[in-house]
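Undergrad: Please read through the structure below; I'll follow up with questions.
The values are calculated or read from the model by the stated rules, or taken from the named source; none is laboratory data. In this text, all values refer to a predicted model and were calculated from it rather than measured experimentally. Using ideal geometry, Cβ is built from the backbone for each residue, glycine included, and neighbour counts are taken over all protein chains shown. Heads up: the accessible areas ignore ligands, DNA and RNA and are worked out on the full protein's heavy atoms, side chains in. Shrake-Rupley method; radii C 1.70, N 1.55, O 1.52, S 1.80 Å.
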Amino acid sequence: MFQVFTGSWALFVGMFMLMVGNGLQGTLLGLRGEAEGFSTLSLSIVMSAYFLGFLFSSRYTPQLIRRVGHVRVFAALGSMVSAVLIAYPVLIDPWAWAVGRVIIGFCFCGVYITAESWLNDASSNENRGKSLSVYMIVQMAGIVFAQWIVSRGDVSGYVLFIIPSIMVSLAFAPVLLSVKPMPAFEATKPMKLRDLISASPLACVGMFMLGGVFSAQFGMSAIYGSRVGLTVGEISFFVSSIYVAALVLQYPIGWLSDRMDRRTLIIWVSLVGAAGSMIAFLVPGYFLLIVISGAIVGGMSNPLYALLIAYLNDYLEKEDMAAASGGLLFINGIGAILGPLTVGLMMDVIGNNGFWLFTGIMLAAVGTYGLYRTTQRSRDEIDTEAVPYAPVSAASTPIAAELAQEVYIEEEAAMGEDPAPT
């Protein structure tokens, strides 16, 4: 893995700085909005706007890359991100922030697509799986490090807004100057949603619900922490616990996924995540319990994301898997747009713990629907070989999701083993 890092160090260092910038702006806007007295509805709209931009970018950035190339798209989107980040403290208005978040979401998704296609090209068949693992670790490390920076600064000033702008600007220097020549780019044709739903209703319903959970974690967790009276340092620790647990539990759950009935594991992971949400909901006011709930929800929901992709692929032919991954991420994006709006409404109606009630309901719905599906279709109906679980970060684009699944299928085929006995 060290050799993988040194071989593509510029890309990984650049991605780390990008994730620091993205992690900073997500938490920082929630805290600054609270300090400025923005309403819960206003902040939820601001947080939802990011995922709207992300969703549009996943559709249109591939067209931009094919038209003008990786380098120009990378540089143009990066400069826009840096400009918007520095404009936030100047334009203290929720609608201006919402527009900025749409632009930020569009640009970051485009940057990820470009970087991930570069990563694919820079890797060989022998080390592509390790490259994806390093890429995911770098993503999580960047978000966690961003929370530490927030805890050391003043959210009411300008410095914390300048830092992510600088980080994003610097991130492009090593990538643009050191990465190999730009690769060819081919966008995968999307699969029709009705075909996805027909293949696996559980995967589609689960992805929609998870979109809401992820957007609540990424956008509303800092707002929740501020509303319940946590200090900036405590909020940073709470948000970090979500992503650290996600990284730690990704591989153990993936190991189980390849050794037991995948649908059963989906049900259990979802219900454990829902139970984790209920800890802080039923016993509010204790920081330790808030951190424990955050870790359980993050540790269950993030692996569940990759688990649902693998579960859908169990019912597909290999040539359909790339398009299916992109379709699932589109469904996830729709849920992510609606998530902060729903959380904001619930926090206004029932109080701050509406945050935990929302995540609990979403995860419980996945588990309950999974139980229902066991009465509708037997696992014996799978016509294709079960595919291996491929760890994928929820911050990744369809490019990484497709690439991860292809890598793990190729690796299992090369070893001549049955990928996932169930």
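Undergrad: Using only the alpha carbons of region 12-120, what is the convex hull's orientation-averaged projected area in square nanometres?
TA: Orientation-averaged projected area of the Cα hull: 6.5 nm².
Undergrad: Report D for region 181-302 in µm² per second (integer): Stokes-Einstein, Kirkwood Rh on Cα pairs, 4 °C, 1.567 mPa s.
TA: In µm²/s, the coefficient is 79.
Undergrad: To continue, here is another question. Which distance in Å, rounded to a whole number, links the C-alpha centroids of region 193-259 and region 44-75?
TA: Centre-to-centre distance over Cα atoms comes out at 22 Å.
Undergrad: Rounded, prolate or oblate, given the Cα gyration tensor of region 255-375, with a/c below 1.5 counting as rounded?
TA: Prolate.
Undergrad: Let me ask something else. What nm distance separates the two modelled labels at Asp195 and Thr231, each placed 7 Å from Cα along Cα→Cβ?
TA: So the label points at Asp195 and Thr231 sit 5.6 nm apart.
Undergrad: Among 255-263, 327-335, what's the highest-first ranking by average C-beta atoms within 10 angstrom per residue?
TA: The peptides rank, most packed first, as 327-335, 255-263.
Undergrad: Can you give me the pair-distance distribution of region 233-300, C-alpha pairs, 5 Å bins, whole percents?
TA: Answer for region 233-300: a P(r) of 4, 18, 24, 23, 15, 9, 5, 2, 0 percent.
Undergrad: Now a separate question. Tell me the carbon and sulfur percent of the accessible area for region 63-112, rounded to whole percent, probe radius 1.4 Å.
TA: That fraction is 70 percent.
Undergrad: Peptides 270-277, 198-205: what's the order by average Cβ count within 10 Å, highest mean first?
TA: 270-277, 198-205
Undergrad: Same structure again: Pick out, from Leu256, Gly344, Ile279, the residue whose Cα sits farthest towards the positive end of the charge dipole of region 212-348, with +1 on the Cβ of Lys and Arg and -1 on the Cβ of Asp and Glu.
TA: Toward the positive end, the furthest listed residue is Ile279.
Undergrad: Hey, another quick one. Top to bottom by accessible area (1.4 Å), largest first, where do Glu116, Glu34 land?
TA: Ranked from most to least accessible, the order is Glu34, Glu116.
Undergrad: Write down the accessible area per residue of region 242-336 in Å², having rolled a 1.4 Å probe over the full set of protein chains.
TA: Result: 34 Å² of accessible area for each residue.
Undergrad: Calculate the all-directions average of the projected area of region 9-71's alpha-carbon convex hull, and give it in nm².
TA: 5.5 nm²
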